[in-house]
1. Taking the condition under 28 Å from the mean Cα position of the chain (by Cα) and either of a type in the set (K, R) or not in a loop (DSSP other than H, G, I, E, B) (or both), does A82 pass?
2. Looking only at residues in the stretch 43-58 that are assigned to a strand (DSSP E or B) and surrounded by 15 or more Cβ atoms within 10 Å (Cβ to Cβ), which one is farthest from the chain's Cα centre (by Cα)?
3. Kindly evaluate L202 against the criterion of being more than 30 Å from I118 (Cα to Cα), at pLDDT 95 or above and over 38 Å from the mean Cα position of the chain (by Cα).
4. Condition first: under 25 Å from A92 (Cα atoms) and surrounded by 15 or more Cβ atoms within 10 Å (Cβ to Cβ). Can you find one or more residues in the stretch 197-207 that meet it?
5. Being surrounded by 13 or more Cβ atoms within 10 Å (Cβ to Cβ) and assigned to a helix (DSSP H, G or I): is that true of A176 here?
6. Criterion first (exposed (fewer than 15 other Cβ atoms within 10 Å of the Cβ), at pLDDT below 95, outside any helix (DSSP H, G or I) and out of contact with any helix residue (DSSP H, G or I) (no Cβ under 6 Å at 6 or more places or on another chain)) does E219 satisfy it?
7. Which is charged (D, E, K, R) and either under 30 Å from G96 (Cβ atoms) or modelled with pLDDT under 85 (or both), of D270, D227, D245?
8. Run down I141, I158, I102 and say which single residue is hydrophobic (A, V, I, L, M, F, W, C) and touching a helix residue (DSSP H, G or I) at 6+ places or on another chain (Cβ under 8 Å).
Amino acid sequence: MTGSLQILVVVVLILAALIFARGPDSSEQPDFTMMTDTTTKPLVSVVRPEPRSTTLSVSVTGTITVRNRVALTPQITGRVAAVSPLLRPGGAFAAGEQLLRIEARDFQLALRQAQADIANAISTLKLRVAEGDAARQNYAILNPGEAVPPLVAKVPQIEQARAQLAAARARADIAALDLSRTRFSLPFAGRITSNTAEVGQLLSRGQPFAEAFALDSVEVVAPIAPDDLARIAPAEGRVALVHVDAASLPAGSRNASLTARVERVSAELDERTRFARIYLNFDEPTGRAGREREQPLSASLPPGTFVDLDINGPLLPGTFELPDAADQLNGQVWVVTDGKLSERTPVMHGRRQGSFVVDAFEYGTGIVIGAVPAAREGLEVDTAELGT
């Protein structure tokens, strides 16, 4: 019993020694005198913008295209006598410039025959009129004071002769028109996309032999998201800058920006992408020239060329343009009112490079720029103004 008691006493002494050895010394004691409240209010940067009118633009990518292509179709049947060098794929021609000539001999003879028919009809008419005059005179001698019957005066024969003369003149007009059609041209300046006609080939009336498009039918087609379309509404008439890479322009040209205008908007959305399409016409005058040196720059852009567009939207009065750093979570911003943070959710119209545009609102001391650690409604802060 005594041995057990001695062992217990030794264990207690050892535990006491260990506890005493692990106790903190005076250097490790917390200095309660230093734990006074030294917390300071966070410093935030603010801006104080002034309301102004702003114009937003929408950037999209489009394609150069043409509204319609024209099939070159002869209105007469004949053999090709000459083909212009311009009547080749890629050839540019002026309005009224001869592209192809059909052998005219048959049509010249047809015109001469029609002119002879006119002379014959005139002669017949004169004969019928003379016969009618003679018949009226004879009737008057035999039947004095009586009206001359139309049949006696040969009125039907005279009318028939006049009709035959009119028909002969119409045939001559047709023959002259067919003769003029042996020289093929188009009433607009344009470019050739395909051609199958060659010298000696027999062309048939109504059968196309080439295809072309008018320079003034060149336009830009661009898909646009419904949200972007709403941002520039109404879209018709909006001005756009069309940025063209130098690789798509004639040799020696640099990157260019052309002006275009939205002419119309598609009536429906694309079933696959759910995008609308806008159609833009270039503001450059195309004139009636077709030579390369006389063409407007837009006419030298081949259909299928990709271009970038910046479309100007409507003027937005009473707006703020804020730096992106002011945009907090979920489109909200922090403002400082009476030295405290307050949350605002302004109406956003869109973004620019490095900024966004919202309706003007009351912001107190300023709008906070950048993140605020542990930000919360009512947090007291100090402010430093960055400028307007």
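The values are calculated or read from the model by the stated rules, or taken from the named source; none is laboratory data. The model shown is predicted, which means the values in this text are computed figures rather than measured ones. Cβ coordinates were reconstructed from backbone atoms using ideal geometry, including for glycine residues, and neighbour counts include every protein chain displayed.
1. Details: under 28 Å from the mean Cα position of the chain (by Cα): no; either of a type in the set (K, R) or not in a loop (DSSP other than H, G, I, E, B) (or both): yes.
It is false that A82 is under 28 Å from the mean Cα position of the chain (by Cα) and either of a type in the set (K, R) or not in a loop (DSSP other than H, G, I, E, B) (or both).
2. So in the stretch 43-58, the residues assigned to a strand (DSSP E or B) come out as 43-47, 52-58.
Narrowing the set further to residues that are surrounded by 15 or more Cβ atoms within 10 Å (Cβ to Cβ) leaves 44-47, 54, 56-58.
Values: V44: 46, S45: 43, V46: 41, V47: 39, T54: 23, L56: 18, S57: 15, V58: 13 Å.
Only one residue tops the list, namely V44.
3. Working: more than 30 Å from I118 (Cα to Cα): yes; at pLDDT 95 or above: yes; over 38 Å from the mean Cα position of the chain (by Cα): yes.
Considered against the rule, which asks whether it is more than 30 Å from I118 (Cα to Cα), at pLDDT 95 or above and over 38 Å from the mean Cα position of the chain (by Cα), L202 comes out as yes.
4. Applying the first criterion (under 25 Å from A92 (Cα atoms)) to the stretch 197-207 yields 197-207.
Next, from what is left, pick out any that are surrounded by 15 or more Cβ atoms within 10 Å (Cβ to Cβ): 197, 203.
Looking through the stretch 197-207, at least one residue is under 25 Å from A92 (Cα atoms) and surrounded by 15 or more Cβ atoms within 10 Å (Cβ to Cβ).
5. Details: surrounded by 13 or more Cβ atoms within 10 Å (Cβ to Cβ): yes; assigned to a helix (DSSP H, G or I): yes.
So A176 fits the description; yes.
6. Working: exposed (fewer than 15 other Cβ atoms within 10 Å of the Cβ): no; at pLDDT below 95: yes; outside any helix (DSSP H, G or I): yes; out of contact with any helix residue (DSSP H, G or I) (no Cβ under 6 Å at 6 or more places or on another chain): yes.
It is false that E219 is exposed (fewer than 15 other Cβ atoms within 10 Å of the Cβ), at pLDDT below 95, outside any helix (DSSP H, G or I) and out of contact with any helix residue (DSSP H, G or I) (no Cβ under 6 Å at 6 or more places or on another chain).
7. Values: D270 fails: either under 30 Å from G96 (Cβ atoms) or modelled with pLDDT under 85 (or both); D227 fails: either under 30 Å from G96 (Cβ atoms) or modelled with pLDDT under 85 (or both).
Exactly one residue qualifies, and that residue is D245.
8. On the way: I141 fails: touching a helix residue (DSSP H, G or I) at 6+ places or on another chain (Cβ under 8 Å); I102 fails: touching a helix residue (DSSP H, G or I) at 6+ places or on another chain (Cβ under 8 Å).
The conditions single out I158.
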